[in-house]
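A quick write-up on the structure given underneath.
The values are calculated or read from the model by the stated rules, or taken from the named source; none is laboratory data. Keep in mind that what you see is a predicted model, and the values were worked out from it rather than measured. In this analysis, Cβ positions are derived from the backbone assuming ideal geometry, glycine residues included, and neighbour counts consider all displayed protein chains.
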Amino acid sequence: MRTVGRIFRVLIMLPIAFSSCTINKPDESQTQKAYYTEQYRPQFHFSPDSMWMNDPNGMVYYEGEYHLFYQYHPHSTVWGPMHWGHAITTDLVHWEHLPIALYPDSLGTIFSGSAVIDWNNSSGLGSGENPPMVAIFTHHNHALEKTESNLFQYQSIAYSLDKGRSWTKYAGNPVIPNPGLRDFRDPKVSWYEAGQKWIMVLAAQDRIMFYSSPDLIQWTKESEFNADLGPDEGVWECPDFFPLPYGEETKWVLFVSIGDGGPNGGSGTKYYIGDFDGSEFTSDDPTGGTRWLDYGKDNYAGVTWSDVPSEDGRRIFLGWMSNWQYAGHVPSERWRSAMTLPRELKLGKDERGYLLSSIPVHETEQLRTEHYKLEPGALKERNNVGPAIEDEYPLYEIDLVFELNPEEEEEIEFGIILESEQHEKLLAAFNTRTQEVSIARQESGRTDFSVHFPGIHTAPYQLSEAGEIRFHAFIDLSSVELFVDNGAVVMTELCFPESGFESIHLYSSQESVLLKEGMIYSLKRVW
Ligand code: FRU
């Protein structure tokens with residue numbers, strides 16, 4: 001039995017630093033209130049104004065704008081004929097919607113893909129003064145799919161000469177015809193400086209194919225990468241491939257999203273770290289246990305921005321905050337789904353070798369309004385650490401460092417409880433016996449729309465010898481993103497409380513757990 005059951009018997013709330021206080025956030029104008037105020041609407045995450053969205057696509061930075069294209073069905077809140085929706089942000093926090101960028105055409109609907117700035121005009125589609133923005137995507141031909149043919153997915157390009165505002169499809173599409181594979185999609189392209197050529201990674205059933213090109217038009221297959229498939233693993237989708245520094249070294253990271261067989265069921269994104277010789281990728285650890293980018297159930301098909309200026313140097317990621325098990329059934333009405341917060345990726349190391357960590361980009365600090373410092377102290381069975389934000393939009397960032405006595409032998413479970421006025425609860429916890437971080441969302445609000453939604457989801461976590469563990473979390477109206485120890489373990493989970501979680505409690509099954517440092521920020525809405 002999980003020790004967590006004990007906390008519900010304790011009804012008296014014990015303050016740590018200050019008893020719960022109430023803050024009234026300033027009133028917003030009526031105009032602001034009318035927009036993006038539907039029930040469950042994310043307040044500081046990107047979501048489409050209306051209708052269905054899935055994967056982020058074509059993420060490219062150009063002239064001060066981070067572009068986000070996305071899989072979009074403009075006529076329904078469930079998946080259908082795909083277009084590329086479009087939005088931009090200049091600060092990774094505030095978004096501007098732009099008109100649909102790519103519409104289906106005679107070759108098919110527009111599946112996932114990427115975009116790059118063709119700085120040298122290698123494609124000849126722009127000019128030296130005005131380099132083209134080139135989108136590389138999969139055309140999915142539904143008519144052909146209905147026949148016995150396997151050839152219905154192929155790769156095409158389109159270009160824009162006006163900062164992504166209008167697009168022309170390349171007349172010679174497709175640029176890579178289908179070789180006879182039913183699953184052949186999601187090209188992610190980048191410039192490979194050492195070889196002065198473009199590199200494409202493409203998902204092909206159970207493997208990643210590597211292609212290269214001098215001009216984004218003529219493509220040559222270089223190699224294939226595959227590894228032992230996990231049990232029940234769905235087809236490979238949405239790869240990404242990029243270098244990251246670790247000290248003096250450079251390692252290459254390959255992302256693979258799988259529609260089924262994720263760490264807690266359904267969709268998930270795994271990664272491999274290794275070396276690239278300009279043609280072939282070799283993983284340091286092709287079979288020794290999967291590394292997941294995110295252990296929560298709701299981060300899928302994520303990729304990174306291309307062309308972030310080298311003075312910035314960051315590798316910035318964004319994922320689709322949903323899971324194919326229930327994406328079409330979540331209880332939002334006008335729109336369906338949101339993206340994760342943009343995250344910066346870094347390489348670290350543990351006993352198994354290199355590992356990828358993700359932390360929210362520093363720009364998210366702009367979201368902070370009030371902050372509350374918690375005094376250090378022992379956790380009780382249940383501490384009310386406040387503040388209770390009396391606002392229609394209880395939005396928080398929580399940053400807590402806990403300390404355990406590494407000598408302690410008894411099983412301890414401790415963590416955070418987010419609670420709504422309606423007593424809906426979401427728990428984020430660590431258990432010393434199972435050595436798992438968990439998020440329990442079975443009582444977090446609406447869960448009845450799918451049997452795959454409620455549950456306790458876990459991530460393996462090895463407590464350091466110092467016995468410290470940091471929980472850094474962002475809480476929007478229908479999501480929680482938990483970054484443990486600077487993003488070595490991440491969990492992204494949707495939740496649907498009636499009107500957000502208005503109070504925060506800490507709990508522990510033993511009083512030997514200390515809160516060493518703690519900050520709570522209330523956050524503002526961006527819409
Ligand atoms: C991943 C995916 C991609 C495909 C797109 C279609 O979620 O299945 O493989 O290109 O969605 O919308």
**OP:** Just give me the residues in the stretch 249-260 being within 14 Å of the ligand (Cβ to nearest atom) and crowded, with 17+ Cβ neighbours inside 10 Å, in sequence order.
**Re:** PHE255, VAL256, SER257, ILE258, GLY259
Original post:
In the list GLU392, GLU409, GLU381, which residue meets the criterion of being in contact with a helix residue (DSSP H, G or I) (Cβ under 8 Å, 6 or more places away or on another chain), of a type outside the set (Phe, Trp, Tyr), assigned to a loop (DSSP other than H, G, I, E, B) and modelled with pLDDT under 95?
Top reply: GLU381
**OP:** Please give the number of the condition TYR246 fails out of (1) under 22 Å from GLU222 (Cα atoms); (2) more than 16 Å from the ligand (Cβ to nearest atom); (3) among the hydroxyl-bearing types (Ser, Thr, Tyr).
**Re:** (1)
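Conditions (1) part of a strand (DSSP E or B); (2) modelled with pLDDT under 95, marked per residue:
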position: VAL308; (1), (2): no, no
position: PHE317; (1), (2): yes, no
position: GLY328; (1), (2): no, no
position: GLU333; (1), (2): no, yes
position: LYS349; (1), (2): yes, yes
position: LEU356; (1), (2): yes, no
position: GLU363; (1), (2): no, no
Original post:
Is at least one residue of the stretch 158-174 hydrophobic (A, V, I, L, M, F, W, C) and more than 20 Å from PRO81 (Cβ to Cβ)?
Top reply: yes
Subject >> Among the candidates ARG165, ARG207, residue that is within 30 Å of the chain's Cα centre (by Cα), modelled with pLDDT of 95 or more and farther than 16 Å from GLY124 by Cβ >> reply: ARG165
Original post:
If you scan the stretch 168-190, which residues turn out to be under 27 Å from the mean Cα position of the chain (by Cα) and not hydrophobic (A, V, I, L, M, F, W, C)?
Top reply: ARG182, ASP183, ARG185, ASP186, PRO187, LYS188, SER190
**OP:** Pick out the one residue from SER450, SER438, SER464, SER444 that is among the polar types (S, T, N, Q), assigned to a loop (DSSP other than H, G, I, E, B) and crowded, with 19+ Cβ neighbours inside 10 Å.
**Re:** SER444
Original post:
Taking the stretch 87-125 on its own, how many of its residues are within 16 Å of the ligand (Cβ to nearest atom), touching a residue at least 24 places away in the same chain (Cβ under 8 Å) and assigned to a loop (DSSP other than H, G, I, E, B)?
Top reply: 1
**OP:** Select, from PHE501, PHE471, PHE496, the only residue that is in contact with a Ser or Thr (Cβ under 7 Å, 6 or more places away or on another chain), crowded, with 22+ Cβ neighbours inside 10 Å, touching a residue at least 24 places away in the same chain (Cβ under 8 Å) and aromatic (Phe, Trp, Tyr).
**Re:** PHE501
Original post:
Is there any pair with a first residue in the stretch 176-188 that is among the β-branched types (Val, Ile, Thr) and a second that is more than 14 Å from the ligand (Cβ to nearest atom) and modelled with pLDDT of 95 or more whose Cβ atoms are under 6 Å apart and which are 6 or more apart or on different chains, and what are they?
Top reply: ILE176/TRP219
Original post:
Which one of the conditions (1) away from the ligand (no atom under 16 Å from the Cβ); (2) within 16 Å of the chain's Cα centre (by Cα); (3) buried (at least 21 other Cβ atoms within 10 Å of the Cβ) does ARG291 fail to meet, given that it meets all the rest?
Top reply: (3)
**OP:** Working only within the stretch 236-275, note down all residues that are without any contact (Cβ under 8 Å) to a residue 40 or more places away in the chain and touching a strand residue (DSSP E or B) at 6+ places or on another chain (Cβ under 8 Å).
**Re:** PRO243, THR250, TRP252, ILE258, GLY261, GLY268, LYS270, GLY274, ASP275
Original post:
So how many residues does the stretch 39-83 have that are part of a loop (DSSP other than H, G, I, E, B) and either out of contact with any helix residue (DSSP H, G or I) (no Cβ under 6 Å at 6 or more places or on another chain) or within 14 Å of the ligand (Cβ to nearest atom) (or both)?
Top reply: 22
